[in-house]
């Protein structure tokens, strides 16, 4: 069975596939855009995909031999699941193994914004370490403040746990379902979306993205948030309207923002958000630890190997296909 991997992944995943007797195809040029995949996909039985590449009706029509997709990610909003189901194509993902790493990134962004770390680091690099000014670029403390979580799943729980233990933050959340573990262990409180945006000192986004979430955090939402609030997004850039976010920050509607995902992504280096002292932006590196990326490679390989044996993928985003 031929397996196309569009970018190199940690060796553990590649070795697992080869040891299972699968023919692994990895292009020498790891920077191919999806439109350049043709010669690899035409003979591929399965694809191990790295990155947010679109798998829709057009793709499946062009490459009918592809019968399985293993994503090197938790999110699968870039796959037309309905179309995959219609063609009986299982779609695997990589849950759990990157939860701590991604939550750590949200935790890092929250602190970096609160203390204007990016701005002050840039001052040092620019040789602009001026004389002491008691009022210049002050940050804020997080102790005892309220953290609002939008989407209290595995990653959101880790973020809430870190914040509660480190800063004794009060945890509120809005979710499709109640999280009894968080309520018991962290004294978390379930609230409406309206309460979430009005009561949070820090609002951190961790939900799975779907089209109806597009620009959910927009001008009307930012206007209802606290003027001292910090907005953190490590989920998907599509959750927030970036122009509205900039306007909210520069008008004082909210205090700061920490982003590991942007809208669009990648963002332009000329984006005015990057000029603000109360903003920290990372290039979508939430899972960028050796442990998380190796774990993702292992789960993705497990999904492909199971498919090759005619078995159900152990980490399947569309189990209804079976």
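Looking at the range 237-264, I want the residues that are free of Cβ contacts under 8 Å to residues at least 24 places away in the same chain and have a partner that is outside any loop (DSSP other than H, G, I, E, B) and surrounded by fewer than 21 Cβ atoms within 10 Å (Cβ to Cβ) with Cβ atoms under 9 Å, at least 6 apart or on another chain. Which pairs are those?
Qualifying pairs under 9 Å: 243/219.
Checking residue 140 against (1) touching a residue at least 40 places away in the same chain (Cβ under 8 Å); (2) assigned to a loop (DSSP other than H, G, I, E, B); (3) farther than 17 Å from residue 280 by Cβ, only one condition comes out false. Which one?
(3)
In the list 114, 86, which residue meets the criterion of being crowded, with 21+ Cβ neighbours inside 10 Å and over 19 Å from the mean Cα position of the chain (by Cα)? Steps first, please.
Details: 86 fails: crowded, with 21+ Cβ neighbours inside 10 Å.
Unique residue meeting the criteria: 114.
Okay, residues lined up against (1) on the phi < 0 side of the Ramachandran plot; (2) under 15 Å from the mean Cα position of the chain (by Cα):
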site	(1), (2)
251	yes, no
258	yes, yes
284	no, yes
298	yes, no
302	yes, no
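Could you grab me the full set of residues in the range 64-76 that are surrounded by 18 or more Cβ atoms within 10 Å (Cβ to Cβ) and either more than 24 Å from the chain's Cα centre (by Cα) or assigned to a loop (DSSP other than H, G, I, E, B) (or both)? Explain how you work it out, then say what you get.
Initial filter on the range 64-76 (surrounded by 18 or more Cβ atoms within 10 Å (Cβ to Cβ)): 66, 68-74, 76.
Correct list: 66, 72, 73, 74, 76.
Just to be sure I understand, how many residues within the range 60-80 are touching a helix residue (DSSP H, G or I) at 6+ places or on another chain (Cβ under 9 Å) and within 28 Å of residue 98 (Cα to Cα)? Before you say what the answer is, go through the steps one by one.
Start the filter on the range 60-80 by keeping residues that are touching a helix residue (DSSP H, G or I) at 6+ places or on another chain (Cβ under 9 Å), which leaves 60, 62-63, 65-74, 77, 80.
Filter once more, keeping what is within 28 Å of residue 98 (Cα to Cα): 66-74, 77, 80.
Residues flagged as touching a helix residue (DSSP H, G or I) at 6+ places or on another chain (Cβ under 9 Å) and within 28 Å of residue 98 (Cα to Cα) within the range 60-80 amount to 11.
Could you tell me which numbered condition residue 8 fails, if it satisfies all but one of (1) part of a loop (DSSP other than H, G, I, E, B); (2) more than 28 Å from residue 291 (Cα to Cα)?
Against the list (1) part of a loop (DSSP other than H, G, I, E, B); (2) more than 28 Å from residue 291 (Cα to Cα), residue 8 comes up short only on (2).
Considering only helices (runs of 4 or more DSSP H) fully contained in the range 206-322, which possess at least 3 residues that are not assigned by TED's automatic domain parsing to the domain that holds residue 193? Even if it seems obvious, please write down each step before you answer.
Details: elements: 219-224, 242-250, 290-308.
By residue number, 290-308.
Any idea which of 109, 98 is buried (at least 17 other Cβ atoms within 10 Å of the Cβ), touching a residue at least 60 places away in the same chain (Cβ under 8 Å) and touching a strand residue (DSSP E or B) at 6+ places or on another chain (Cβ under 9 Å)?
Values: 98 fails: touching a strand residue (DSSP E or B) at 6+ places or on another chain (Cβ under 9 Å).
The conditions single out 109.
Of the conditions (1) closer than 17 Å to residue 51 by Cα; (2) surrounded by 15 or more Cβ atoms within 10 Å (Cβ to Cβ), residue 277 fails just one. Which one is it?
Residue 277 satisfies all of (1) closer than 17 Å to residue 51 by Cα; (2) surrounded by 15 or more Cβ atoms within 10 Å (Cβ to Cβ) except (1).
Tell me, which residue of the range 137-166 that is on the phi > 0 side of the Ramachandran plot and surrounded by fewer than 19 Cβ atoms within 10 Å (Cβ to Cβ) is modelled with the lowest pLDDT? Walk me through it before giving the result.
As a first pass, look at the range 137-166 and keep what is on the phi > 0 side of the Ramachandran plot: 137, 144, 151.
When the remaining residues are screened for being surrounded by fewer than 19 Cβ atoms within 10 Å (Cβ to Cβ), the result is 137, 144.
Numbers: 137: 88, 144: 98.
Applying the filter and picking the extreme gives 137.
Of the residues 235, 207, 229, 257, which single one is surrounded by fewer than 22 Cβ atoms within 10 Å (Cβ to Cβ), touching a strand residue (DSSP E or B) at 6+ places or on another chain (Cβ under 7 Å) and either modelled with pLDDT of 95 or more or under 23 Å from residue 143 (Cα atoms) (or both)?
Details: 235 fails: surrounded by fewer than 22 Cβ atoms within 10 Å (Cβ to Cβ); 229 fails: surrounded by fewer than 22 Cβ atoms within 10 Å (Cβ to Cβ); 257 fails: surrounded by fewer than 22 Cβ atoms within 10 Å (Cβ to Cβ).
Answer to the check: 207.
Do you know which residues across the range 16-37 are surrounded by 12 or more Cβ atoms within 10 Å (Cβ to Cβ) and farther than 20 Å from residue 310 by Cα? Walk me through it before giving the result.
Going through the range 16-37, the residues surrounded by 12 or more Cβ atoms within 10 Å (Cβ to Cβ) turn out to be 16-18, 20, 22-27, 32, 34, 36-37.
Result: 25, 26, 27, 32, 34, 36, 37.
Which members of the range 34-55 meet the condition of being more than 21 Å from residue 285 (Cβ to Cβ), assigned to a loop (DSSP other than H, G, I, E, B) and under 21 Å from the mean Cα position of the chain (by Cα)? It would help to see each step written out before you state the result.
At the first step, the residues of the range 34-55 found to be more than 21 Å from residue 285 (Cβ to Cβ) are 34-47, 54-55.
With the extra rule that they be assigned to a loop (DSSP other than H, G, I, E, B), the set shrinks to 37, 42-45, 54.
Answer for the range 34-55, where residues must be more than 21 Å from residue 285 (Cβ to Cβ), assigned to a loop (DSSP other than H, G, I, E, B) and under 21 Å from the mean Cα position of the chain (by Cα): just 54.
May I ask you to list the residues in the range 83-129 that are in a loop (DSSP other than H, G, I, E, B) and either closer than 30 Å to residue 311 by Cβ or touching a helix residue (DSSP H, G or I) at 6+ places or on another chain (Cβ under 9 Å) (or both)?
From the range 83-129, those in a loop (DSSP other than H, G, I, E, B) are 87-90, 93-98, 115-116, 126-129; that's our starting set.
If the condition is that a residue be in a loop (DSSP other than H, G, I, E, B) and either closer than 30 Å to residue 311 by Cβ or touching a helix residue (DSSP H, G or I) at 6+ places or on another chain (Cβ under 9 Å) (or both), then 87, 88, 89, 90, 93, 94, 95, 96, 97, 98, 128, 129 are the ones that fit.
The values are calculated or read from the model by the stated rules, or taken from the named source; none is laboratory data. Note that this is a predicted model, so its numbers are computed, not measured. Cβ coordinates were reconstructed from backbone atoms using ideal geometry, including for glycine residues, and neighbour counts include every protein chain displayed.
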